[in-house]
Amino acid sequence: MNHKNVYIATSSVIALFLIATWLVSDKEGEQDILVPVRSGKFEVLVVANGELEAQNSLKITAPEDAFRSAKVFQVKIADLVPEGTLVKKGDYVATLDKMEMSEKLRLAEAEVSKLRSQFTQSRLDTSLMLRTERNELMNWSYLVKEKEAALKASQFEAPAQVRQIQVELEKAKRSYQQAQETYRIKQQQAIAKISETSQTLGQEEYKYQEIKRLSESFVVNAPADGLVIYQRDWNGQKKSVGSFVSAWDAVVATLPDMQAMVSRTYVNEIDISKIKVGQIVKVKVDALPQNFFEGEVTSISNIGEQRPESQVKVFEVKVKLKNTHPALKPTMTTSNIITCEAMNSAIFIPLDCLHNEQDNINYVYVKKANSIVRQEVKVGKSNENEIIILDGLQKNDAVYLSIPEKAKSSPLKKLSK
């Protein structure tokens, strides 16, 4: 029984030793991975994600003139058809919030009602005033006739009495003339006042009808047949229900021309200097993983911007697709591989193999027979994964992917001058 226990204990110790040895050797193996130095064609590539859009689009706009006429600065989108909806010319697309227009319409209606009342009251007051003036004029006319008759009948009266009647007649005629002049002036004043009130009323009635018409234009319809794609605002966000449109940015959505497609992508500020108009791009669409589309850089933004999903400044780059596919649709996600430069013959290694010291000396760990050499290297251009070695390595060399544990303190073998 004791021999059996000893055997079991011994076996357990040996097993644990083997497992530990395997784990340690496996760990060392992971740390000391060798990769061959590669030679051949080297491409400087920049990879950036993007989104498809049509090169040309017909804009579906809110009524800009309506905004200016009604002095409305911005309006909220109250309703909008789903993105990707196929529409015919004249089909419903969106409704703008009429709250502000409704308030303007209410105020305009109240103003028209007030002016109509003022116009009616003005006509009544004018009619009453002119009637009073006409009665006064008629009274003076009767008085003149009365004095003329009295003068005619007084030819046999005393001269003093005749003179008195003549004075009264002259006074009556003068008052009659003054009454006539006063009537003409008040009549002209009344006409001017009524005309002014009528003109103001007409302007307010026109304003009311215009606001009413503009309010009806807040229902936006498609100007042509097409596929509705949401418009992006100044910060790159798609306009949807709750977004605002204004007189200076009245686009609600677009109808893209599917015959010519563009991949709009954003390249970070570190790589943007590598990008040039005319460079060849391989475009992969996530929705069509089996297809690759050839493209060409057509425009590069001069101004960087901060994208919500990026911590660094990025620059907008547009890539025109040279070929298309019936399944391609705007807003599809793309992966854009931009070939910035290609060299037919170069020596290069993975970026992970390259190390550097504080004085900017670049070096690698090279396998040499039974030793490891910390070799200084001169580097050239790089891409996303690899870097060109201009001096310090040969085609048949092999370098370590990470720092070998045994060679951390190895002396640096510098390049010959």
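Nothing in this text is a laboratory measurement; each read-out follows from the coordinates by a stated rule. These figures come from a predicted structure and were not determined experimentally. Note: ideal-geometry Cβ built from the backbone for every residue, glycine included; neighbour counts use all protein chains shown.
Structure values in brief
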{"quantity": "Mean ellipticity per residue at 222 nm, deg cm²/dmol - from DSSP H runs of n ≥ 4 across the chain, formula -39500 (n - 2.57)", "calculated": "-13000 deg cm²/dmol"}
{"quantity": "For region 101-211, size of Cβ-based charge dipole, Lys and Arg +1, Asp and Glu -1, in debye", "calculated": "300"}
{"quantity": "Estimated inter-spin distance, K417 and E294, nm [label 7 Å along Cα→Cβ]", "calculated": "5.0"}
{"quantity": "Long-range HN-HN contacts of D91 with modeled amide H, under 5 Å", "calculated": "A222"}
{"quantity": "GluC sites (Glu not before Pro) lying in DSSP loop within region 117-202, provided at most 15 other Cβ fall within 10 Å", "calculated": "E157"}
{"quantity": "Chymotrypsin sites (Phe, Trp or Tyr not before Pro) restricted to DSSP loop in region 55-133 with at most 12 other C-beta within 10 Å", "calculated": "F73"}
{"quantity": "Relative contact order, percent, the chain [alpha-carbon distance under 8 Å, six or more residues apart]", "calculated": "28"}
{"quantity": "Whole-Å distance, taken between Cα centres, linking region 136-173 and region 342-417", "calculated": "134"}
{"quantity": "Qualifying aspartates and glutamates (Cα of each under 12 Å from Cα of K368; at least 8 residues distant if same chain)", "calculated": "D397"}
{"quantity": "Out-of-range pairs (alpha-carbon distance over 29 Å; input K98/K318; K207/K239; K59/K98)", "calculated": "K98/K318; K207/K239"}
{"quantity": "Exposure proxy order (Cβ contacts within 10 Å, fewest to most) of V241, V37", "calculated": "V241, V37"}
{"quantity": "Positive dipole terminus of region 101-211, leading residue within S117, W140, M129 (C-beta point charges)", "calculated": "W140"}
{"quantity": "N344 paired with E196, simple spin-label distance in nm, labels 7 Å along Cα-to-beta-carbon", "calculated": "9.1"}
{"quantity": "Coil-residue trypsin sites (Lys or Arg not before Pro) of region 191-298, DSSP, other Cβ within 10 Å capped at 15", "calculated": "K276"}
{"quantity": "Chain lengthening between I185 and I403 when straightened (0.36 nm per residue, less Cα-Cα)", "calculated": "67.6 nm"}
{"quantity": "Listed pairs K114/K186; K274/K413; K274/K395; K238/K381; K282/K313 exceeding 29 Å between Cα atoms", "calculated": "K274/K413; K238/K381"}
{"quantity": "³J(HN,Hα), Karplus 6.51/-1.76/1.60, whole Hz, each residue of region 371-382, x for Gly, Pro", "calculated": "10, 10, 10, 8, 9, 5, 9, 9, 9, x, 6, 9"}
{"quantity": "Signed unit charges on C-beta, dipole axis of the chain, positive-most listed residue I338, A287, N385", "calculated": "I338"}
